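J.: Before anything else, here's the structure in question.
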Amino acid sequence: MTATARSPKDTAHAELQLKMLRQMLLIRRFEEKAAEAYALGKIGGFCHLYIGQEAVAVGALAALRDDDYVICSYREHGQALVKGIPSGAVMAELFGKATGCSKGKGGSMHLFDVKRGFMGGHGIVGGHIPLAAGLAFASKYQGQGRVCVCFFGEAAVNIGAFHETLNMASVWKLPVIFLCENNRYGMGTAFERVAAVTDIVEHACSYDMAAELVDGMNALTVYDATRRAVERARKQSHPTLLEVRTYRYMGHSMSDPLHGVYRTKDEVEEQKARDPITHLAGKLKEEGIIDQAGLDALDTEIQAEVEEAVKFADESPDPDPDELYTDLLVD
Amino acid sequence: MATLTYRDALNQALREEMQRDPNVFLMGEEVGVYQGAYKVSRGLLEEFGPQRVVDTPIAELGFAGIGVGAAMGGLRPVVEFMTWNFALLALDQIVNSAAKMLYMSGGQIPMPIVFRGPNGAALQLSSQHSQAWESWIAHIPGLKVVAPATPADAKGLLKSAIRDNNPVIVLEGEMLYNIKGDVPDGEHIVPIGKAEIKREGSDVTLVCHSKTLTVALKAADQLAEQDVSAEVLDLRSLRPIDEPAILESVRKTNRAVVVEEGWPHAGIGAQVVDIIQRDAFDDLDAPVQRITQADVPMPYNKVLERAAKASPERVVAAARRVLYLDPSPQP
């Protein structure tokens, strides 16, 4: 790999792809560790893993400015990591520790880091979609030029809040991107069993909104589509609906079976053949941007980071008992 | 000091706070061009423009959530519901987003937002438009709830609500908009959480709030004719509730009747009774009585409606009961 032989544009693109590969691997290894920790009882409650969907968060966030807002559903570990929350603070939150990014009060479903524009994981399906439009409203009101990207699953499209919000975002021309991660199943219900319109992009027509259908197993495709949407939001203050087709390898949450009775093992295996990490790693190897040794080194480095995050979370203290009554109201 | 209607007192509070802080904006159905369904926002669109007086579609869940998002983004939204009956659709945003945001983010996201609108029965609006929601809303930690009964309190409490850095619910009395009273000009602030004795007395305490202040004052007049001196305590705030004021009055009179517009089961009055029995048990000379709406949906028919509502006559009867002025009813 000789960067000097490339044009500056190619170099930048290579670096972007390497960054994306690193971020996807970080999410994958982080989530694998989270699954282990869950099995050991170190993580409680609900824990929704992002394995299989890494390209979506990574591709989309690569198109954002640091101060842009990101807001998510409860499947948000990946977005939180890519937005820059240290993996230790995310893992500590999953462990419910005082050093977690929400001080152990939020847990897996409620990761927050306002300084980084990460406006939370939210636990009610579709409930955070209006919040995204509100953040965009505030940005426009204050002339900040900040864009808000809202991640939600396809099942949220059946929720009233989705439709109410898309309508108002379009009427008021808000700089918001509604990024639907269509992983095909709302828990154990296939989308086509409960949705009259299965091409989610079509909903944009009802609200006179720009929309794109995107391959969510390819980080670069997601990046390109999001970049177009961000430009539309930033320059014209117009919202966009992106339907990003992806797939979750794990169960809906850690308490659910891997494939259950609602999908076949074969289907899961078929999807794994389109793995976004394998795909990008293969492409980068083909283009001579990284070799196997480089890949192995990257993976080793990331595994060490994740081990360190687990160690940090494990050794961190529980919140002080007095914390029960703090953060309820401010002065 | 000017004599104003309750409606105009609220209008004055909104206008003054919008002049004071450019981050304060009003949104809701019919607040702009139509000048407010109850004319509370009269003239505000002309003065502050459509960016700060935002007409919404009929989509309570959506625009309440957009308000919450705007507060997350640093604004101070005042969200008007045409009535609290319709706000029920927005309950997910009020409870799951606004009330919990600060806590579940580990103290990162304050929520300076006001949800306001008329509450309680008016005249012959039947079951779905005649409800008092305070016990639902006051149940939720993370919210503050006020229910002003006079024009002066309406202005002072709304100003406090808008300046508060927490979500504040302002329950306006649908039947109070036309009542008149003296309202101090300019900077008139009523602190949240402070009750007020609206009429001093020594024999029995009538605890009330919002529209039931009128009921309690009429009852106190009738009781005076019967040589009973009733003290009328207007709670004004329901969360936090002024426990010391309730206890102080009951320790003086040793008897209490709690009057409210809501239904009896798990009502605000039940909470007041709990406070009294817990901390003033030894001061009581009789069990506390409660006067509420009848435990039925509000009927349309005038005679039935009158029978369902808390009335001065029912309050007088209850006061006489706690004073043992009438023979006990036969079992």
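J.: If you take the residues of region B:140-170 that are surrounded by fewer than 24 Cβ atoms within 10 Å (Cβ to Cβ) and more than 14 Å from chain A (Cβ to nearest Cβ), which of them is farthest from residue B:98 (Cα to Cα)?
T.: B:152
J.: When the residues of region A:107-148 are narrowed to those that are of a type in the set (S, T, N, Q) and surrounded by fewer than 24 Cβ atoms within 10 Å (Cβ to Cβ), which ends up nearest to the other protein chains (Cβ to nearest Cβ)?
T.: By that ranking, first place goes to A:142.
J.: Do we have residue A:64 as surrounded by fewer than 24 Cβ atoms within 10 Å (Cβ to Cβ) and over 23 Å from residue A:185 (Cα atoms) here?
T.: Yes; evaluated as a whole, the condition is true for this residue.
J.: Oh, and also: Looking only at region A:292-331, count how many residues are among the hydroxyl-bearing types (Ser, Thr, Tyr) and in contact with a Ser or Thr (Cβ under 7 Å, 6 or more places away or on another chain).
T.: Qualifying residue count, region A:292-331: 1.
J.: On to the next question. So, in region B:7-51, how many residues would count as being surrounded by fewer than 20 Cβ atoms within 10 Å (Cβ to Cβ), among the polar types (S, T, N, Q) and in a loop (DSSP other than H, G, I, E, B)?
T.: Counting residues in region B:7-51 that are surrounded by fewer than 20 Cβ atoms within 10 Å (Cβ to Cβ), among the polar types (S, T, N, Q) and in a loop (DSSP other than H, G, I, E, B) gives 3.
J.: Does region B:12-27 contain any residue that is farther than 27 Å from residue B:153 by Cα and in the same structural domain as residue B:173 (by TED's automatic domain parsing)?
T.: No.
J.: Looking at B:197, B:137, B:192, B:162 in this structure, which one is modelled with pLDDT of 95 or more, part of a strand (DSSP E or B) and either outside the structural domain of residue B:23 (by TED's automatic domain parsing) or not small (Gly, Ala, Ser) (or both)?
T.: Result of the check over B:197, B:137, B:192, B:162: B:197.
J.: Take residue A:234 and tell me if it is part of a loop (DSSP other than H, G, I, E, B), at pLDDT 95 or above and among the basic types (Lys, Arg).
T.: Against the criterion (part of a loop (DSSP other than H, G, I, E, B), at pLDDT 95 or above and among the basic types (Lys, Arg)), residue A:234 does not qualify.
J.: Another question, if that's okay. Take the conditions on the phi > 0 side of the Ramachandran plot, surrounded by fewer than 24 Cβ atoms within 10 Å (Cβ to Cβ), modelled with pLDDT of 95 or more and not basic (Lys, Arg) and apply them to residue A:104. Does it pass?
T.: Against the criterion (on the phi > 0 side of the Ramachandran plot, surrounded by fewer than 24 Cβ atoms within 10 Å (Cβ to Cβ), modelled with pLDDT of 95 or more and not basic (Lys, Arg)), residue A:104 qualifies.
J.: Out of all the residues in region B:221-238, is one or more at pLDDT 95 or above, in a helix (DSSP H, G or I) and within 30 Å of residue B:142 (Cβ to Cβ)?
T.: So far as region B:221-238 goes, no, none of its residues is at pLDDT 95 or above, in a helix (DSSP H, G or I) and within 30 Å of residue B:142 (Cβ to Cβ).
J.: Turning to a different aspect of this structure: Kindly list, by first and then second residue, each pair from a residue in region A:288-317 that is farther than 11 Å from residue A:87 by Cα and assigned to a helix (DSSP H, G or I) to a residue that is of a type in the set (A, V, I, L, M, F, W, C) and at pLDDT 95 or above, limited to pairs with Cβ atoms under 8 Å and residues at least 6 apart or on different chains.
T.: A:295/A:281; A:298/A:21; A:298/A:25; A:298/A:290; A:299/A:25; A:314/A:95
J.: Residues that are crowded, with 16+ Cβ neighbours inside 10 Å and in contact with an Asp or Glu (Cβ under 7 Å, 6 or more places away or on another chain): list the helices (runs of 4 or more DSSP H) wholly contained in region B:243-331 that include at least 3 such residues.
T.: Where helices (runs of 4 or more DSSP H) fall fully within region B:243-331 and carry at least 3 residues being crowded, with 16+ Cβ neighbours inside 10 Å and in contact with an Asp or Glu (Cβ under 7 Å, 6 or more places away or on another chain), they are B:243-253, B:268-279.
J.: I've got another one for you. Is it the case, given these coordinates, that residue B:43 is within 16 Å of residue B:32 (Cβ to Cβ), small (Gly, Ala, Ser), in contact with a Phe, Trp or Tyr (Cβ under 6 Å, 6 or more places away or on another chain) and more than 14 Å from chain A (Cβ to nearest Cβ)?
T.: Answer is no for this residue.
J.: Now a separate question. Looking at region A:210-218, can you tell me whether even one residue there is over 19 Å from residue B:101 (Cβ atoms), out of contact with any strand residue (DSSP E or B) (no Cβ under 9 Å at 6 or more places or on another chain) and of a type outside the set (Lys, Arg)?
T.: The answer is yes; a qualifying residue exists.
J.: Which residue, of B:220, B:224, is without any contact (Cβ under 8 Å) to a residue 24 or more places away in the chain, buried (at least 19 other Cβ atoms within 10 Å of the Cβ) and not assigned by TED's automatic domain parsing to the domain that holds residue B:161?
T.: B:220
J.: Of all residues in region A:84-94 being more than 14 Å from chain B (Cβ to nearest Cβ) and not aliphatic (A, V, I, L, M), which is surrounded by the fewest Cβ atoms within 10 Å (Cβ to Cβ)?
T.: Residue satisfying both the conditions and the ranking: A:84.
J.: Further question: If residue A:38 passes every condition in (1) surrounded by fewer than 22 Cβ atoms within 10 Å (Cβ to Cβ); (2) in contact with a Cys (Cβ under 7 Å, 6 or more places away or on another chain); (3) under 28 Å from residue A:162 (Cα atoms) but one, which one does it miss?
T.: So residue A:38 meets the others, but not (3).
J.: Could you count how many residues in region A:127-180 are basic (Lys, Arg) and more than 21 Å from the chain's Cα centre (by Cα)?
T.: Counting residues in region A:127-180 that are basic (Lys, Arg) and more than 21 Å from the chain's Cα centre (by Cα) gives 2.
J.: Would you be able to say whether some residue in region A:237-246 is over 19 Å from residue A:145 (Cα atoms), touching an Asp or Glu at 6+ places or on another chain (Cβ under 6 Å) and surrounded by fewer than 18 Cβ atoms within 10 Å (Cβ to Cβ)?
T.: Checked region A:237-246: no residue is over 19 Å from residue A:145 (Cα atoms), touching an Asp or Glu at 6+ places or on another chain (Cβ under 6 Å) and surrounded by fewer than 18 Cβ atoms within 10 Å (Cβ to Cβ).
J.: Can I ask one more? For region B:86-136, give me the residue count where each residue is among the polar types (S, T, N, Q) and within 17 Å of the chain's Cα centre (by Cα).
T.: 4
J.: A follow-up question, please. Evaluate the following for residue A:98: is it at pLDDT 95 or above, among the aliphatic types (A, V, I, L, M) and surrounded by 24 or more Cβ atoms within 10 Å (Cβ to Cβ)?
T.: no
J.: Scan region A:275-287 residue by residue and report those that are surrounded by fewer than 16 Cβ atoms within 10 Å (Cβ to Cβ) and in a loop (DSSP other than H, G, I, E, B).
T.: Selection gives A:287 alone.
J.: Read through the list (1) surrounded by 24 or more Cβ atoms within 10 Å (Cβ to Cβ); (2) of a type in the set (Asp, Glu); (3) more than 15 Å from residue A:130 (Cβ to Cβ), then give the number of the only condition that residue A:215 fails.
T.: For residue A:215, the exception is condition (1).
J.: Could you please give the count of residues in region B:232-249 that are under 12 Å from residue B:197 (Cβ atoms) and either in contact (Cβ under 8 Å) with a residue 12 or more places away in the chain or in the same structural domain as residue B:134 (by TED's automatic domain parsing) (or both)?
T.: 9
J.: What number of residues in region A:164-199 are of a type outside the set (Asp, Glu) and either closer than 21 Å to residue B:59 by Cα or within 14 Å of chain B (Cβ to nearest Cβ) (or both)?
T.: 14
J.: Testing residue B:31 on (1) more than 14 Å from chain A (Cβ to nearest Cβ); (2) under 20 Å from residue A:169 (Cα atoms); (3) touching a Gly at 6+ places or on another chain (Cβ under 8 Å), one condition comes back false. Which one is that?
T.: For residue B:31, the exception is condition (3).
The values are calculated or read from the model by the stated rules, or taken from the named source; none is laboratory data. Since this is a predicted model, take the numbers as computed values, not measurements. Here Cβ is always computed from backbone atoms with ideal geometry, including for glycine, and neighbour counts include all displayed protein chains.
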